[in-house]
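Report on one structure; see the data block that follows.
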Amino acid sequence: MATDRTSLQERLEALKRAETDSSAVLEDDKQDFKIESRMAQAESSLKKEVRSRGREEGEDAEAPSGPVGLDIGTSHVIVAQNERRYIKTTNQLNAFFTIPHSKFAKDILVKNDVFFFEQDGMYYIVGYSAENFANMFDTDTRRSIKQGLLCSDEKEGITVIQAIILSLIQKPKRFGEVLCFGIPGEPLDGIGSVTYHESIIKMFIARMGFSPISINEGMAVVLSELAEHDYTGIGISIGGGMCNVCLSYLSFPVLTYSIQIGGDYIDNSAGAVVGIPGTRVKAIKEKELSLVVKPKDRLTTALHIFYNELIQKLQKSMERVFSASNQIPMISKPIPIVLSGGSAMPDGFTDIFERSLAKVRLPVEISSVHLAEDPLNTTAKGALIMAMTEEVAE
Ligand SMILES: Nc1ncnc2c1ncn2[C@@H]1O[C@H](COP(=O)(O)OP(=O)(O)OP(=O)(O)O)[C@@H](O)[C@H]1O
Ligand SMILES: [Mg+2]
């Protein structure tokens, strides 16, 4: 793999050079032209607007004709591709729902363009369709990934995650196209194996005809958001199942880890207090939660409490891990923190995070805390940038 030949920092610098020296693209040598133009594409993609959309029912997955970024999260699976003027992301809900086999049920599924597959006498309805069905039956969907990692207790998990990926992308037009997917950092005191999760996904992606590479989720956040800081800073993704943290120094992921607490924990904890299902809390939270406005009822009070708990646990973990590490480089100036992921989206989250950061002691000085431009798509975008730099180096 190209990773062995050149460091990521060298590749990213090459991308920058390609942008500032546009004459490089005019070189006669055709090979150089190809590489330089790809580098320019990747570098300029750092600044491109992201246009995102959910996968429609009945819509066919696309066969990619360039590098691909893939974020396989607890809540969403997102594919990012580089279009001429923007980065296109398509997302699918990472959920499934099963109904027993019958001719009648099958006719309905087919007629309504529902995305499903058949296994062991059951129909597996996956993605956004699963949510619609679960609502109809007034119950919860199931997940193939819990707390960021492939579940060992859902035996169908692997088949389901494959089906979800296939609902978003087909095999590439060019065999061996680079696909970079995000993987979590090793969980602190956690459950599940990152190695198993990564290997299973890698095998499947390779079978589809891609050259798969992986990137730590926090590092993907750094690649997506910290170009102007020479990829030095702390990238944090706060998702549905976990928080991922990466301290990057000049694009080198010095320290990475995760804690298995995220939006699902907040929904389920607040739901348990108030006596309603986590999925109902999730819908209310996404629609109207503001951490700036005083809580108006028991549910919002509980949501504020569990959000504060999440922030404290995350920052305490940073204090613990960073202080125990002997790998922290001497960085001459304060470094930024960038927050991403759906759970960082409520109004006021970034400010609360910044204020409570004053209470923990980190061995690096922090210059600022800001929210990523498009928190739900940051990981997929960072993975795409990684895939593009990998193609450059091929
Ligand atoms: N507008 C919003 N306000 C509050 N929370 C939101 C909003 N949009 C999404 N979320 C929450 O963000 C979480 C999903 O975030 P995201 O898609 O980044 O997670 P993921 O990448 O699938 O999971 P993970 O990285 O933990 O494996 C869910 O808990 C969801 O309820
Ligand atoms: Mg995520």
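The values are calculated or read from the model by the stated rules, or taken from the named source; none is laboratory data. What you see is a predicted model; the values in this text were computed from it and never measured. Glycine gets a Cβ as well: all are built from the backbone with ideal geometry, and neighbour counts include every protein chain shown.
So, V360, is that one under 19 Å from the mean Cα position of the chain (by Cα) and β-branched (V, I, T) or not? So that I can check it myself, show each step before the final result.
Values: under 19 Å from the mean Cα position of the chain (by Cα): no; β-branched (V, I, T): yes.
When the stated conditions are applied, V360 does not pass them.
The set of residues in segment 304-360 that are touching a helix residue (DSSP H, G or I) at 6+ places or on another chain (Cβ under 6 Å) and assigned to a loop (DSSP other than H, G, I, E, B) contains only V360. Contact map, segment 239-261: residues that are in contact (Cβ under 8 Å) with a residue 24 or more places away in the chain and of a type in the set (D, E, K, R) paired with residues that are in a loop (DSSP other than H, G, I, E, B) and away from ligand 2 (no atom under 13 Å from the Cβ), Cβ distance under 8 Å, separation 6+ or inter-chain. No pairs are found. Residues that are surrounded by 13 or more Cβ atoms within 10 Å (Cβ to Cβ) and away from ligand 2 (no atom under 16 Å from the Cβ) within segment 175-198 comprise E177, V178, L179, L188, S193, listed in sequence order.
Per the listing Q41, Q81, the residue uniquely outside any loop (DSSP other than H, G, I, E, B) and at pLDDT 90 or above is Q81. Residues that are small (G, A, S), under 16 Å from A344 (Cα atoms) and more than 9 Å from ligand 1 (Cβ to nearest atom) are absent from segment 270-280.
Going residue by residue through segment 210-220, is there one that turns out to be more than 29 Å from S65 (Cα to Cα), of a type outside the set (D, E) and within 14 Å of ligand 1 (Cβ to nearest atom)?
No, that holds for no residue.
Among the residues of segment 128-162 satisfying the criterion of being small (G, A, S) and either over 22 Å from K103 (Cα atoms) or loosely packed, with under 14 Cβ neighbours inside 10 Å (or both), which is modelled with the highest pLDDT?
Residues of segment 128-162 small (G, A, S): 129-130, 134, 144, 148, 152, 157.
If we keep only those that are either over 22 Å from K103 (Cα atoms) or loosely packed, with under 14 Cβ neighbours inside 10 Å (or both) as well, we get 144, 148, 152, 157.
Working: S144: 89, G148: 93, S152: 69, G157: 82.
The selected residue is G148.
Restricting attention to segment 346-356, does a residue exist that is farther than 28 Å from A283 by Cβ, hydrophobic (A, V, I, L, M, F, W, C) and modelled with pLDDT of 95 or more? Scanning segment 346-356, I find no residue that is farther than 28 Å from A283 by Cβ, hydrophobic (A, V, I, L, M, F, W, C) and modelled with pLDDT of 95 or more, so the answer is no.
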